[in-house]
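Single-structure report; data block below.
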Amino acid sequence: LASQADIPEMKALWDTCFGDDMAYIDHFFASVFVPEQAIVLHQEGSVCAMTLYFPLRLKSGEGEEKQAAYLYAVATDPKFRNQGLSTGLLEFTAGYLSAKGFQALVLVPGNEDLFRFYQKRGYVPFFYHQVISLAPGATVAGKMARASGEEYGSVRESLLQHRSHLTYPIS
């Protein structure tokens with residue numbers, strides 16, 4: 001598991017692999033990061049691969065629920081790629097989370113090549129993630145209103161109740 005001491009190297013690895021703005025990375029580690037929910041691999045004395053996870057519930061359209069973990073920021077330093085480190089990290093993470101009672105793993109590949117990478121490791125497409133951004137002043141059919149996290153969660157669950165979906169705590 002990651003420790004507070006790993007954070008600077010994890011931030012550097014994140015920057016190298018994903019290229020996000022450092023303000024975003026700093027915000028993530030200040031407000032969302034939980035060391036006990038991060039698994040790191042050290043090689044040559046430094047963090048060379050990592051993944052984080054978030055607990056979720058996977059609900060089927062028939063009402064069944066499973067405890068799931070959303071794997072996030074799966075990354076391997078480019079200097080250490082093609083050595084099986086990410087595969088080993090994913091296998092360890094799957095075993096670790098299974099032992100903790102998680103029944104499913106979920107991730108969102110960042111590009112088409114990553115779909116193939118994860119499929120070779122036993123992951124299968126289950127449903128798709130879509131983000132739609134509206135330009136300022138755009139008009140949309142229907143009604144829009146500001147909602148609290150709880151209100152949003154309630155409406156979301158109502159709309160998805162007969163579809164397989166992930167549900168997560170709103171905080």
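The values are calculated or read from the model by the stated rules, or taken from the named source; none is laboratory data. Keep in mind that what you see is a predicted model, and the values were worked out from it rather than measured. A quick note on method: Cβ atoms are made from the backbone with ideal geometry, for glycine too, and the neighbour counts reach across all protein chains shown. The protein model used for the area step is the full one, side chains on, heavy atoms only, and it has no ligands, DNA or RNA in it. Shrake-Rupley method; radii C 1.70, N 1.55, O 1.52, S 1.80 Å.
The helix-based estimate of mean residue ellipticity at 222 nm for the chain, built from -39,500 (n - 2.57) per DSSP H run of four or more residues and divided by its residue count, is -10000 deg cm²/dmol to the nearest 500. Computing log10 I(q)/I(0) by the Debye sum over Cα atoms at q = 0.08, 0.10, 0.17, 0.20 Å⁻¹ directly from the structure and comparing it against (i) -0.29, -0.43, -0.97, -1.17; (ii) -0.30, -0.47, -1.23, -1.49; (iii) -0.22, -0.34, -1.00, -1.36 singles out (ii). When the chain is treated as a Gaussian network with alpha carbon springs shorter than 10 Å, the biggest mean-square fluctuation among P136, P109, P55 belongs to P136.
For the chain, the fraction of 1.4 Å probe accessible surface lying on carbon and sulfur atoms is 53 percent. Spatially, segment 63-115 and segment 1-42 are offset by 16 Å when compared through their Cα centroids. Extension gain for F80 to L134 (0.36 nm times residue separation, less C-alpha to C-alpha distance): 15.5 nm. Net length available on complete extension from D15 to Y152 is 46.2 nm, with 0.36 nm assigned per residue and the Cα-Cα distance removed. For the chain, the relative contact order works out to 23 percent when only alpha carbon pairs closer than 8 Å and six or more residues apart are counted. Quick one: helix 22-31 against the long Cα principal axis of the chain, what's the angle to the nearest 10°, folded into 0 to 90? So the helix axis and the longest Cα principal axis differ by about 80 degrees. Here the calculated FRET efficiency for K120 and A5, from their Cβ-Cβ distance with R0 = 30 Å, stands at 0.35, rounded to the nearest 0.05. Ranked by the mean number of other Cβ atoms within 10 Å per residue, highest first, peptides 151-158, 127-134, 70-77 order as 70-77, 151-158, 127-134.
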